[in-house]
Amino acid sequence: HALLGSKIFCNRDIVETQQHYRSRWRSIRILYLTMFLSSVGFSIVIMSIWPYLQKIDATADASFLGWIIAAYSVGQMVASPLFGMWSNYRPRGEPLAVSITISVAANCLYAYVHLPTSHNKYYMLVARALVGFGAGNVAVVRSYIAGATSLAERTSAMANTSACQAIGFILGPVFQTCFTLIGEKGVTWEIIALQVNMYTAPVLFGALLGVINIILIFAIFSQDGHGSNSQQVARNIRRISGRHPLKLIPQLPTGRSFLYL
């Protein structure tokens with residue numbers, strides 16, 4: 001359909017411009033990436049935690065390893081409602097950017113847990129808990145996608161979100177395996193005391209992907225892409241029509257909607 005020089009899409013329960021359609025789907029795809037990275041952050045080090053823990057702290061035992069693995073889930077459990085409440089009152093880009101920044105910082109901390117002369121295992125515990133805390137943006141991601149899709153789109157969009165999450169869990173150990181080629185000794189960057197080896201390279205890779213994700217959120221993510229209900233649609237139409245009021249006739253049994261001046 002065309003109205004006053006702007007293209008209007010009528011798709012069952014949503015009416016929008018082509019620009020708004022593209023904008024919200026770009027935002028949704030960025031959140032697919034966010035969900036993928038949050039899962040990768042859990043599984044990318046899962047195979048190397050134990051040998052790395054034994055290397056940096058001889059006092060660590062298998063019981064403490066359990067706490068380190070559980071720290072990710074505990075951090076995510078604590079953060080999810082906090083980020084959810086934040087997104088209810090502020091633009092959702094804010095909790096997303098902050099949560100990913102926390103994950104990036106936590107991954108960098110993990111890469112430096114070998115530096116302290118004692119209690120290294122506790123630094124690793126804190127690092128993994130903060131990675132999980134950053135992954136608490138899952139609630140924000142799912143709520144945004146639920147609000148940014150029409151009824152006809154929502155099932156597939158939510159399925160894609162779960163698929164990205166599952167793929168992240170699967171590919172994390174694959175990335176870890178690739179980094180084993182660097183070896184246990186690896187390379188040391190003396191200026192910043194950074195060891196890049198088979199244990200730290202995966203988290204540094206995750207930090208790099210997190211930085212890219214933050215850039216995409218600031219550059220492309222649409223803060224108002226959610227809420228494609230009738231009120232949001234009406235606001236979008238009023239922006240297009242200017243001083244010409246429009247009304248949306250409720251959906252007919254044929255699945256079509258009509259607009260009239």
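With a 1.4 Å probe and all protein chains in place, put Tyr122, Tyr32 in order of accessible area, largest first.
The ranking, largest first, comes out as Tyr122, Tyr32.
So if each residue of separation counts as 0.36 nm, and I subtract the Cα-Cα distance between Ala146 and Ala166, what length gain in nm does that give?
Value of the extension gain: 5.3 nm.
Counting only protein heavy atoms, what percent of the accessible surface of region 66-206 is carbon or sulfur at a 1.4 Å probe?
Exposed carbon and sulfur together represent 72 percent of the surface.
Between Arg90 and Ile212, how many nm apart are label points set 7 Å from Cα along the C-beta direction?
Here the modelled spin labels are 2.7 nm apart.
The values are calculated or read from the model by the stated rules, or taken from the named source; none is laboratory data. A quick note: this is a predicted structure, and the numbers were derived from the prediction, not measured. As a convention, Cβ positions derive from the backbone with ideal geometry for all residues, glycine included, and neighbour counts pool all protein chains shown. Heavy atoms of the whole protein, side chains included, go into the accessibility calculation; ligands, DNA and RNA do not. Shrake-Rupley method; radii C 1.70, N 1.55, O 1.52, S 1.80 Å.
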